[in-house]
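Below is one structure, written out as structure tokens, with a few remarks after it.
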Amino acid sequence: MSALGTIVRSGVGRRRVQTVVIGLVVMIAVTAAVLGGSLMVASSAPFDRAFTQQHGAHLTAQFDAGMATAAQLSATATAAGVTAAAGPFPMASITPVAPSGRALRPIMVVGRADPGGAVDSVSVTDGRWVEGPGEIVVHVDGRLPGALQPRVGDVLSLSELPGAPTVTVVGTARSVSQTAGGWVMPEQVAALTPTGVVEGYQMLYRFASAATTADVDAGRANVLASLPAGALAGSQSWLTTRANSAGQTVLFVPFLIAFGVLGVLMAVLIIGNVIAGAVGTGTRRIGILKALGFTPHQVVRAYTVQALVPAAVGAGLGVVAGNILIMPVLAQTNELYGTADSGVTPWVNAVVLAGALAVVMLTAGVAASRAGRLRTVDVLAVGRTPGPGRGHLAARLTSWLPLPRPVTLGLAHPFARILRSATIVAAIAFGVAAATFAVGLGVSLNQVQATERHGDVVIQPGRPQGGPPPGGGSGGGPGRVAGPPEAPDPTAVVAAILAQPGTSGYAGIAPTEVTVAGITAPVDAIAFTGSNSSYGYRMVSGRWFSQPGEIVVATPFLAATGTTIGDTVVLTHHGHPITVRIVGEAFNVESRGMQLLMAAETLAASDPNLRAMEYTITLTPGTDVNSYLKELNAALSSVDATAMLPDDDTAEFILVINALTALLTLMLVTVAALGVLNMVVLETRERVHDLGVHKALGMTPRQVVAMVVASVIVTGLIGGAIGVPVGVLLQRWIVAEMGDATGFQLPASVIDIYLPTDLVLFGLGGLLIAIAGALLPAGWAARTRTAAALRTE
């Protein structure tokens, strides 16, 4: 082995604590960077990746079986611009009834013997594909609550069909193109129609060019050119499906991107601080090497490689750990979109690995080159303890404090080496800022989800048992009622609610559609009755409506219409024009922010029979929810309505995000503590002779521990004081940018989530990080024998 190799191996083995710290810091930093980078890639256009993986349909077309034959539809596969086609698939519409007796939303079923194919390759998520009559595979709709999702093994009855046949759910699947609500064998479709005859067919097309609406329209025109006029019953462009999909995850993707950026920043800053400090403390040994004949270039190479060895091992382990941790997170994205991403992104791994090693090499090289340029005699003259006068003023000032002398000596230590103390402060500040930011980001996400909860109890049409109810609702909040249910008697429902002990307030929800001047497509509207319509909504500006003729809207509606609070707009409902005034802007992601909120009296003239389809109830504190539900359902026994708890269809996703937040916070705090550990170890070893003097004068091991721990109290407090405002500013900036990027103004409850006590606790977290990093070297110093310490130069 060469002399240079011997020096490298000796340095790596001799400084074991430093070697381990470098390896762990790099490993954690690379793990976070890989995790963040992979999340950024995964959160970038997940629909487009799923569409490519599943060969999604650019155009989903429904045809009238009485106007076009199956042979004619098959011939359209060769139309100009069509690169692939699937079908014709027979179609039928059914309204299944769950085993509980509750009617589910109407769904369109398609007869399809094989889930694969050149267009719209359906991904089976649970169970298996249909193999014979009496079986069905249902589409998984992530927007619906679990109560409305059929499960494998459920026997669904079709009471509206002759003979009330049943179908058994044998699997669940997902179509990125959303081409059907369920799939059966082709020969079974006729039996699912009231007439026993197939009434429609579905064709799926992929076009050579489909990037714009004009491209899709041109492709549709080419398909229809060879078919009889009026054969097309309806169609859907993939561009519409993609826009709807983006709306579903509009607030989640920026969180993932923010976590990724956080990991990258940690990798750059912490690696630089730790490695620079480690190499900078080796200048005296560098002087010895130069005295033995090593050239400055060899010295730089030796110390750079000493840093690279543990860094390379840590980086390799970090890449593996990052890819393992990304898998459960990506499983949620795969389930939502039907993608098959493993989470392992080779180019992210390569970039992070190369970047981490480059940062280590650069910082180590810069620090070593500074010592390499010094004259040998000057480097050898570098002592292990501060020069005369450095920190003496601080020592005299702290001696006046009414504290034990070992503690005051420790408090004065940071002022002896200002630059090294600044490095410790930077590490602690970064850890505190990152923890403050990550926790705040997670709380903001939970606040976003809290805005979608509009009551403690929900009343929906239909009975829970005893046959099919008049219809079904979603239970997920206003505006999600599915199918054509009949509204329950409002007088009876309201009387039952008000008579129930524990009722704090209620709101009746009547969904409808209106047209708005300047907007071509219909706009969803919610007409409220009751005293508690504003519950759960967070106001961005303005106020909640208080009388007929006033509406509350979200930011996207204001942007689409070019209006502001105080402006009037003209709505058209059932042919009646209604002039309303915008009095408030609320944070409301329903219908991608294009939903109007108003009093039911606003639409009374245009629809006197408009009734609430759903009721949300808030309870007084301390009310037993289960008892309340039991008694309220008893009171509703004569009404076609059922009281239940609201569904939480995003709870699992929130758990994943919260787990990710906790993991990143733990990693960042650990890295900060390791940075403190590295610096305190170096500081303690350089002061080992002073420790011997103190112990010879009677300082006990417990007092030595107190002195070493006290040496990081000042830096811990300063680091916490710096890190907290940085973390708060970063959280506010990222969350505000998240809202701007998605087209929503966020309410103060989402942005201003820190209480004064929270900030104090985060600030004290800097002190905890410092103490945690100092405990190990404090124990080592306490165990050092006095004689051995006094013999150290």
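Considering only the range 718-730, how many residues are touching a helix residue (DSSP H, G or I) at 6+ places or on another chain (Cβ under 7 Å) and surrounded by fewer than 24 Cβ atoms within 10 Å (Cβ to Cβ)?
Qualifying residue count for the region: 6.
Going residue by residue through the range 512-528, is there one that turns out to be buried (at least 20 other Cβ atoms within 10 Å of the Cβ), touching a Gly at 6+ places or on another chain (Cβ under 6 Å) and in contact (Cβ under 8 Å) with a residue 24 or more places away in the chain?
Checked the range 512-528: at least one residue is buried (at least 20 other Cβ atoms within 10 Å of the Cβ), touching a Gly at 6+ places or on another chain (Cβ under 6 Å) and in contact (Cβ under 8 Å) with a residue 24 or more places away in the chain.
Per-residue answers, yes or no, for (1) open to solvent by less than 10 Å² (accessible area, probe 1.4 Å); (2) closer than 21 Å to M67 by Cβ; (3) among the acidic types (D, E):
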site: S175; (1), (2), (3): yes, no, no
site: P186; (1), (2), (3): no, yes, no
site: A190; (1), (2), (3): no, yes, no
site: V197; (1), (2), (3): no, yes, no
site: Q202; (1), (2), (3): yes, yes, no
site: V216; (1), (2), (3): yes, no, no
site: A221; (1), (2), (3): no, yes, no
site: S226; (1), (2), (3): no, yes, no
site: A233; (1), (2), (3): no, yes, no
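Can you tell me which of (1) modelled with pLDDT under 65; (2) open to solvent by less than 50 Å² (accessible area, probe 1.4 Å); (3) over 30 Å from V122 (Cα atoms) is the one R384 doesn't meet?
For R384, the exception is condition (2).
Just a yes or no: is a residue in the range 771-781 modelled with pLDDT of 85 or more and within 30 Å of A586 (Cβ to Cβ)?
The answer is no, given that none of the residues of the range 771-781 is modelled with pLDDT of 85 or more and within 30 Å of A586 (Cβ to Cβ).
Could you please find all residues in the range 749-772 being part of a helix (DSSP H, G or I) and free of Cβ contacts under 8 Å to residues at least 12 places away in the same chain?
Matches in the range 749-772: P756, T757, D758, V760, L761.
What number of residues within the range 466-494 are within 18 Å of G455 (Cβ to Cβ) and modelled with pLDDT of 50 or more?
5
Considering each of T564, T616 in turn, give the residue that is of a type in the set (S, T, Y), at pLDDT 90 or above and either over 27 Å from Q447 (Cβ atoms) or part of a strand (DSSP E or B) (or both).
Going through T564, T616 in turn, the sole match is T616.
Out of (1) within 23 Å of G536 (Cβ to Cβ); (2) assigned to a helix (DSSP H, G or I), what's the single condition that is false for V580?
If we test V580 against (1) within 23 Å of G536 (Cβ to Cβ); (2) assigned to a helix (DSSP H, G or I), just (2) comes out false.
Are there any pairs, at least 6 apart or on different chains, whose C-beta atoms fall under 7 Å, with the first in the range 570-593 and open to solvent by 10 Å² or more (accessible area, probe 1.4 Å) and the second basic (K, R), and if so, which?
Close Cβ pairs satisfying both conditions: V583/R543.
Across the range 633-670, which residue is surrounded by the fewest Cβ atoms within 10 Å (Cβ to Cβ) among those that are modelled with pLDDT of 75 or more and of a type in the set (V, I, T)?
Checking each candidate, the answer is T670.
So is S541 touching an Asp or Glu at 6+ places or on another chain (Cβ under 8 Å), of a type in the set (S, T, Y), outside any helix (DSSP H, G or I) and open to solvent by 20 Å² or more (accessible area, probe 1.4 Å) or not?
yes
Considering only the range 696-707, how many residues are part of a helix (DSSP H, G or I), open to solvent by less than 30 Å² (accessible area, probe 1.4 Å) and at pLDDT below 85?
1
Return the pairs, sorted by first residue and then second, in which the second residue is part of a helix (DSSP H, G or I) and open to solvent by 20 Å² or more (accessible area, probe 1.4 Å), the first residue lies in the range 73-94 and is in the same structural domain as P162 (by TED's automatic domain parsing), the beta carbons are less than 6 Å apart, and the residues are 6+ apart or on different chains.
A79/N222; A80/N222; G81/N222; A85/A77; P88/A70; P90/P186
Is there a residue in the range 547-555 that is surrounded by 22 or more Cβ atoms within 10 Å (Cβ to Cβ), of a type in the set (A, V, I, L, M) and part of a loop (DSSP other than H, G, I, E, B)?
Yes; the residues of the range 547-555 include at least one that is surrounded by 22 or more Cβ atoms within 10 Å (Cβ to Cβ), of a type in the set (A, V, I, L, M) and part of a loop (DSSP other than H, G, I, E, B).
The values are calculated or read from the model by the stated rules, or taken from the named source; none is laboratory data. What you see is a predicted model, and the numbers here were worked out from it, not measured in a lab. Methodologically, a virtual Cβ is constructed for each residue, glycine included, from the backbone with ideal geometry; neighbour enumeration extends over all protein chains shown. With ligands, DNA and RNA removed, areas are computed over all heavy atoms of the protein, side chains included. Shrake-Rupley method; radii C 1.70, N 1.55, O 1.52, S 1.80 Å.
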